[in-house]
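Read the structure below first, then the notes.
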Amino acid sequence: MSSRPLILMTDPGHYEVSYQINPWMRPDAWAECAQSRAEAARGASAALCAALQAADAQVEILPGRPGLPDMVFPANAAVVLDGTALMARFRHPERQGEEAPFREAFEALRARRMIDEIVSLPDGLFQEGAGDAHWDAHRQLFWTGYGPRSSKEAVPVIAEVFGQEVVALELATQQFYHLDTCFCPLPGGEALYFPPAFTEAGRAAIAAFTDPDQRIEAAPDEAAAFCVNAVCLGRTVIMAKAPARLKAILTERGYRVVEIDLAPFILSGGAAFCMTLRLDHAAARSRPSLP
Ligand code: ARG
């Protein structure tokens, strides 16, 4: 495998906001000017892809499917580490139709040796992929979210499948329904997060696994602008249009902030991180092989 980041995105040709499964989704606003919004979405997706490529990533684009608009958020397709993909199971019927096409796409990636192994979740559990399981390369562990979408019982499954440490954070609100909307581990060890999105126990767990100077608290306007939903490639942080305060904080810490206007996707409750899935994350120490 090359050392360039390998990132999956989905072609936005079938993207729209046609139902509501989180409080940000505005089917009415979409419908008012569907055509221009669809056009803007294509432009925004292309701009994100270009920014990833400019940061030296290789981007693989999956085709979307009519009637499955949220396939543009492949972060929710699977949890991927060391070539193993643990396929997602979606909580809402509106997204369950994505499971089969995402699996097919992963079979094709396996045939091309971009993925080695595909694993299914045990029956009865929900887990919405990297959206609720953020790999922290600095600490070598998964930060996982549960509650609104993913089941708490999926947390030990992730630990077992990948043989890595997992921190479980309970999400307290419907606004910040996936971990990646309110928590982002940065490559230098900082954690950018929005404290009100977590229960007290969740905040305590974040405090236990980070030093005070590593914690960057997003303000409400920064969280609502989906800036926490960022893609980090080395010292480059790619995110939706960001308030000046957050840009200044990250710049001071030595990061280069690249902003993309992702408004058409924020209308569905998603932004840069959800629109991508890293296929090349590798642990420093991979899981011991089973007897
Ligand atoms: N409309 C999608 C949903 O509610 C947005 C998903 C965004 N993905 C993410 N990983 N946060 O499921």
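The values are calculated or read from the model by the stated rules, or taken from the named source; none is laboratory data. Fair warning: this is a prediction, and the values are worked out from it, not measured in the lab. Note that each Cβ is placed from the backbone with ideal geometry, even for glycine, and that neighbours are counted across all protein chains shown.
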> Which of (1) out of contact with any Phe, Trp or Tyr (no Cβ under 8 Å at 6 or more places or on another chain); (2) more than 16 Å from the ligand (Cβ to nearest atom); (3) within 29 Å of ALA172 (Cα to Cα); (4) not small (Gly, Ala, Ser) is the odd one out, the single condition LEU81 does not satisfy?
Replying inline: (1)
>> Among the residues that make up segment 116-128, is at least one of them assigned to a strand (DSSP E or B), under 16 Å from the mean Cα position of the chain (by Cα) and either modelled with pLDDT of 95 or more or within 16 Å of the ligand (Cβ to nearest atom) (or both)?
In response: yes
> Picking from GLU107, GLU98, which residue would you name as being without any contact (Cβ under 8 Å) to a residue 12 or more places away in the chain and over 18 Å from LEU233 (Cα atoms)?
Replying inline: GLU107
>> Looking at (1) surrounded by fewer than 18 Cβ atoms within 10 Å (Cβ to Cβ); (2) within 16 Å of the ligand (Cβ to nearest atom); (3) touching a residue at least 60 places away in the same chain (Cβ under 8 Å), which one does PHE273 not meet, given that it meets all the others?
In response: (1)
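Could you list, in sequence order, all residues of segment 3-20 that are more than 11 Å from the ligand (Cβ to nearest atom) and over 14 Å from ILE266 (Cβ atoms)?
Those that are more than 11 Å from the ligand (Cβ to nearest atom) and over 14 Å from ILE266 (Cβ atoms): SER3, ARG4, PRO5, LEU6, ILE7, LEU8, MET9, THR10, ASP11, GLY13, HIS14.
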> How many residues are buried (at least 18 other Cβ atoms within 10 Å of the Cβ) and either over 17 Å from ALA88 (Cα atoms) or of a type in the set (Ser, Thr, Tyr) (or both) if we restrict to segment 137-150?
Replying inline: 4
>> Quick check on segment 129-140: of everything there that is more than 16 Å from the ligand (Cβ to nearest atom) and outside any strand (DSSP E or B), which residue is farthest from GLY189 (Cα to Cα)?
In response: GLN140
> Going through segment 241-256 one residue at a time, which ones are among the aliphatic types (A, V, I, L, M) and either within 16 Å of the ligand (Cβ to nearest atom) or assigned to a loop (DSSP other than H, G, I, E, B) (or both)?
Replying inline: ALA242
> Going through segment 88-103 one residue at a time, which ones are of a type outside the set (Asp, Glu) and within 15 Å of the ligand (Cβ to nearest atom)?
Replying inline: ALA88, ARG89, PHE90, ARG91, HIS92, PRO93, ARG95, GLN96, GLY97, PHE102
>> Kindly evaluate ALA137 against the criterion of being more than 19 Å from the chain's Cα centre (by Cα) and modelled with pLDDT of 95 or more.
In response: no
> Condition test on ALA263, is it hydrophobic (A, V, I, L, M, F, W, C) and either buried (at least 22 other Cβ atoms within 10 Å of the Cβ) or more than 16 Å from the ligand (Cβ to nearest atom) (or both)?
Replying inline: no
>> Looking only at residues that are touching a residue at least 24 places away in the same chain (Cβ under 8 Å) and not in a strand (DSSP E or B) in segment 189-200, which one is surrounded by the most Cβ atoms within 10 Å (Cβ to Cβ)?
In response: ALA197
> Restricting segment 162-182 to residues that are touching a helix residue (DSSP H, G or I) at 6+ places or on another chain (Cβ under 7 Å) and assigned to a loop (DSSP other than H, G, I, E, B), which is surrounded by the fewest Cβ atoms within 10 Å (Cβ to Cβ)?
Replying inline: THR173
> What are the residues in segment 22-66 that are touching a Lys or Arg at 6+ places or on another chain (Cβ under 7 Å) and in contact (Cβ under 8 Å) with a residue 60 or more places away in the chain, if any?
Replying inline: TRP30, ASP56, ALA57
> Taking segment 203-227 as the region of interest, how many residues are within 20 Å of CYS274 (Cβ to Cβ) and assigned to a helix (DSSP H, G or I)?
Replying inline: 5
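One line per residue, one yes/no per condition, for (1) touching a Pro at 6+ places or on another chain (Cβ under 8 Å); (2) outside any loop (DSSP other than H, G, I, E, B); (3) free of Cβ contacts under 8 Å to residues at least 40 places away in the same chain:
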{"site": "PRO187", "(1), (2), (3)": "no, no, no"}
{"site": "ASN229", "(1), (2), (3)": "no, no, no"}
{"site": "MET239", "(1), (2), (3)": "no, yes, yes"}
{"site": "VAL258", "(1), (2), (3)": "no, yes, no"}
{"site": "GLY269", "(1), (2), (3)": "yes, no, no"}
> Failed condition for PRO23, given (1) surrounded by fewer than 18 Cβ atoms within 10 Å (Cβ to Cβ); (2) within 14 Å of the ligand (Cβ to nearest atom); (3) under 19 Å from THR276 (Cα atoms), with all others met?
Replying inline: (3)
